[in-house]
Number of protein chains: 2
Amino acid sequence: MDLPARSAGGPSLTRAQEDHLKALYNLHGDTRPVLTGELAQRLGISAASVSDMVARLSDLGLVRHDRYRGQILTGAGQGRALELVRHHRLLEIFLVQVLGYTWDEVHEEAELLEHVMSERMEDRIFELLGRPELDPHGHAIPSREGTLRVVNQRALSDCQGGEEVVVAEVSDEDPDLLRELDRRGLIPGARLSVIGGTKYESPIEAELNEQRVSVPLGLARTILVREPTD
Amino acid sequence: MDLPARSAGGPSLTRAQEDHLKALYNLHGDTRPVLTGELAQRLGISAASVSDMVARLSDLGLVRHDRYRGQILTGAGQGRALELVRHHRLLEIFLVQVLGYTWDEVHEEAELLEHVMSERMEDRIFELLGRPELDPHGHAIPSREGTLRVVNQRALSDCQGGEEVVVAEVSDEDPDLLRELDRRGLIPGARLSVIGGTKYESPIEAELNEQRVSVPLGLARTILVREPTD
DNA sequence: CTCCGGGTTTAGACTGGTCTAAACTGGCCT
DNA sequence: AGGCCAGTTTAGACCAGTCTAAACCCGGAG
């Protein structure tokens with residue numbers, strides 16, 4: 001029996017086109033349109049170039065564009081984006097677990113590899129890693145079919161004293177930030193008892209492994225937490 | 001202590017530029033110039049495009065071009081090419097040994113990955129694989145510094161009855177050919193006692209693992225053999 | 001020694017991706 | 001209601017990489 005057709009099939013895209021789709025996905029997913037300038041800043045190119053590219057992606061039916069009002073992924077576009085996100089996250093786990101990278105080194109490398117990863121390689125890595133569900137930074141791996149497990153989570157900076165929470169996700173893009181979080185033990189799965197903070201821009205005070213930690217707001221805002229499961 | 005500077009450093013090249021360098025290397029290495037048409041055929045593009053690209057690579061000092069007489073890699077160009085060859089061959093071993101690919105599946109994939117492989121990844125894979133010296137098809141891995149172990153070898157089709165030889169290398173580019181060779185046990189390291197052939201275009205007859213094998217000339221020409229080492 | 005044919009290079013054109021500068025909204029402020 | 005500014009789109013330019021068609025060499029045949 002053949003494998004089912006991928007949800008995200010279609011003509012192959014260029015590197016730049018894929019980057020635009022992924023940026024659109026990472027910015028607001030399918031929740032609301034992304035302004036041209038936002039996208040341009042994210043990609044580090046001019047708004048004019050983005051405008052151009054969006055027109056092409058729109059012709060391909062991957063993006064819907066509302067003149068002067070921004071752009072948003074279509075279903076097909078989202079499928080392609082999730083394919084890339086799956087590649088990216090599988091590669092991050094792979095680089096950490098198989099090649100011994102640290103979690104602050106993997107993003108950049110995955111960013112390049114994700115565009116040339118075949119389906120065969122994706123499947124082999126997925127199996128080798130034991131069908132993982134989360135990447136090293138706590139992000140869920142989209143399924144082959146492009147579905148994504150969603151978990152209720154909020155920023156640590158929004159927590160109140162007395163709460164018991166578990167670190168769920170951190171952003172993978174800033175190596176310095178990641179090293180800082182690692183130094184403090186603020187890694188996915190870490191259990192925190194929030195003591196205080198949240199007022200007057202003061203750091204979040206919490207207990208982690210019987211140790212008192214003070215998390216500056218700037219850090220706390222990048223950490224997403226969830227309820228403990230037990 | 002810092003690592004020594006790579007022999008092959010320099011400004012980063014585009015995919016197409018790298019493909020041209022590698023094709024030049026694979027065609028005649030540094031032995032003699034490659035004709036424009038040859039290179040074009042190898043790359044599957046027009047001679048005009050090659051002419052163009054060679055001019056640019058020549059400006060970069062990677063290729064020396066003799067009008068109407070062909071082109072050859074400079075020292076620097078050869079360094080870059082060997083860097084890519086190292087990437088390619090390490091990836092092939094990696095795909096076979098770590099991800100469970102068969103030897104006929106690896107070439108195409110390595111062809112894409114080699115262009116986006118960082119030095120860090122190269123080093124990690126090299127160590128993970130135990131500092132290998134040969135890829136799955138028997139080709140030597142260039143060192144980081146761009147040196148290559150050369151072994152005396154010739155085509156199986158040139159062997160005479162009575163010779164004892166060992167399969168050294170086979171081309172990695174044709175999956176069908178590779179499957180055929182595998183089926184017959186004609187893999188690097190296989191020891192052959194040549195019985196006859198070499199006349200009237202007849203197949204090479206030989207003994208392999210106590211079994212009589214008949215190797216059609218077309219196959220025998222793609223197999224490089226060396227003297228047994230013991 | 002000239003001419004001719006085949007391979008090489010040049011010319012001109014097109015696409016994708018990028019830029020800057022200019023033209024053009026849309027929404028907000030008065 | 002009018003006007004202005006920030007942000008968006010369009011215009012025009014450029015580079016890399018490719019093509020086809022035309023111009024150009026080189027070496028061998030006569």
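The values are calculated or read from the model by the stated rules, or taken from the named source; none is laboratory data. What you see is a predicted model; the values in this text were computed from it and never measured. Glycine also receives a Cβ, built like all others from the backbone with ideal geometry; neighbour counts cover every protein chain displayed.
Looking at A:L21, is it surrounded by fewer than 22 Cβ atoms within 10 Å (Cβ to Cβ) and either of a type in the set (A, V, I, L, M) or within 12 Å of DNA strand C (Cβ to nearest atom) (or both)? Spelling it out, it is not the case that A:L21 is surrounded by fewer than 22 Cβ atoms within 10 Å (Cβ to Cβ) and either of a type in the set (A, V, I, L, M) or within 12 Å of DNA strand C (Cβ to nearest atom) (or both). Of all the residues in the stretch A:27-73, those that are under 22 Å from A:P142 (Cα atoms), free of Cβ contacts under 8 Å to residues at least 40 places away in the same chain and either out of contact with any helix residue (DSSP H, G or I) (no Cβ under 7 Å at 6 or more places or on another chain) or hydroxyl-bearing (S, T, Y) (or both) number 2. If the condition is being over 30 Å from A:E109 (Cβ atoms) and part of a helix (DSSP H, G or I), then the stretch A:173-230 contributes only A:L217. Considering the conditions (1) under 25 Å from B:P228 (Cα atoms); (2) within 11 Å of another protein chain (Cβ to nearest Cβ), B:D135 is excluded by exactly one of them, (2).
Among the residues of the stretch B:24-50, those identified as away from DNA strand C (no atom under 16 Å from the Cβ) and modelled with pLDDT of 95 or more are B:Y25, B:N26.
Counting residues in the stretch A:3-18 that are among the polar types (S, T, N, Q), more than 11 Å from DNA strand C (Cβ to nearest atom) and modelled with pLDDT of 95 or more gives zero. Taken over the stretch A:92-130, the criterion of being more than 12 Å from chain B (Cβ to nearest Cβ) and either touching a residue at least 60 places away in the same chain (Cβ under 8 Å) or over 18 Å from the mean Cα position of the chain (by Cα) (or both) is satisfied by A:E92, A:W103, A:D104, A:H107, A:G130.
Of the residues contained in the stretch B:88-100, none is found to be within 16 Å of DNA strand D (Cβ to nearest atom) and of a type outside the set (F, W, Y).
Yes or no, residue by residue, for (1) touching a helix residue (DSSP H, G or I) at 6+ places or on another chain (Cβ under 8 Å); (2) of a type outside the set (G, A, S); (3) on the phi > 0 side of the Ramachandran plot:
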position	(1), (2), (3)
A:D158	no, yes, no
A:V166	no, yes, no
A:P175	yes, yes, no
A:L178	no, yes, no
A:P188	no, yes, no
A:S193	no, no, no
A:V225	yes, yes, no
